[in-house]
1. For residue 117, which sequence-distant residues (separation of 5 or more, or a different chain) have an amide H within less than 5 Å of its own amide H, given hydrogens modelled in the peptide plane?
2. Calculate, for residue 198 and residue 43, the FRET efficiency according to 1/(1 + (r/R0)^6) with r their C-beta to C-beta distance and R0 25 Å; round to the nearest 0.05.
3. Amide H neighbours of residue 204 under 5 Å, counting only residues 5+ apart in sequence or on other chains, H built in-plane at 1.01 Å?
4. Using alpha carbons only, how many degrees (0 to 90, rounded to 10) separate the axis of helix 161-185 from the longest principal axis of the chain?
5. Provide the packing ranking of 219-231, 196-208, i.e. peptides ordered by the mean count of other C-beta atoms within 10 Å per residue, highest first.
6. Measure nothing fancy, just the Cα-based angle from helix 28-43's long axis to the longest principal axis of the chain, in degrees from 0 to 90, nearest 10.
7. Testing the spin-label approximation: label points 7 Å from Cα along Cα→Cβ at residue 59 and residue 72. State their distance in nm.
8. Mind listing the phi-derived Karplus ³J(HN,Hα) values for segment 222-227, rounded to whole Hz, using 6.51, -1.76 and 1.60 with θ = phi - 60°, and x for any glycine or proline?
Amino acid sequence: MATKEILAVPATAGTARVPQSGAFARNRELLAELVRRDVQARYRGSALGVLWTLLNPLLFMLVYTVVFSVLLQTRYPGGVPAAAYILTGLLVWNFYSQAVSFATSSILSNSGLVRKVAFPWVLLTISSVTAALVNYLISLVLLIPIYIVFHLPVALPLVLLPGLVLIPFVLALGVGLLLAAGNVFFRDIEHLVQVGLLIWLYLSPIVYPPNLVAEHDHGLGGHIFSLFFRFNPMTWVIRAMENVVTQGLWPVHWHGLLYSAFFAAAMLGLGVVVFQRARRRFAEEV
């Protein structure tokens, strides 16, 4: 069923409501259609299509592996091969950064729907984050050859993977709702987000092992970096992913993981509140 066929109600400014308890179930058909549309739109007109979901992290993994493992002789926790360590972090980071980026433009890029159709506009942001999740699930195929080549342990802690993915999903949705609402009124946000995500990437232990942060925790610059590193919720998600996926261990830093979960939940609550207040003016601003 096409999206426009599902959205059959004419819009009036302010009639859309952020779904309350139980409302998401009534809109699941619409959400599924929006996700399908968003996933297809990522690869429309591309010769390689969905293969870009695999090629992008694979190419970056190769570059970072050469730079950090071969040229800088970096050693990773537990003797984990650099390629396995870096790819695991890159995959979850790509999911998070894509989700935030897609969510930021979710309202403006659907301005035609927002102006003409009354429906829970929050579904546009949710579908953007969910589409990024679909891409992430596809990209997990890359871990199969990594497991085979490097003989990584397939252990019981892997059952935690869905829960670990849920944390960046909730975090991205919360941040995305804030940015999507703000982007309607301040169009520069979309560009600032790309810069912010690049900085955030290097504040996360993806291409370098976390022990390097502790070793350089001296001087004002080192203290500031260490502070941001520790309070970065993605730090603990990525470290837990690396424990579970590359070492077959239960997450070592449970305190950090709990902090990330609470932080993500708080951001989601804040995002919903801000989005709900701002959406009354969406139709007139877009």
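None of the figures in this text is laboratory data; all of them are computed from the coordinates on show. Remember, it's a predicted structure, so these values are computed and weren't measured experimentally. We place every Cβ from the backbone using ideal geometry, glycine too, and count neighbours over all the protein chains shown.
1. Distant-sequence amide H within range of residue 117: 11.
2. 0.60
3. none
4. For helix 161-185, the angle is close to 50 degrees.
5. Numbers: 219-231: 12.5, 196-208: 17.0.
Result, highest mean Cβ count within 10 Å first: 196-208, 219-231.
6. That helix lies at roughly 60 degrees to the long axis.
7. 2.1
8. 3J(HN,Hα) across segment 222-227, in whole Hz: x, 5, 5, 4, 4, 5.
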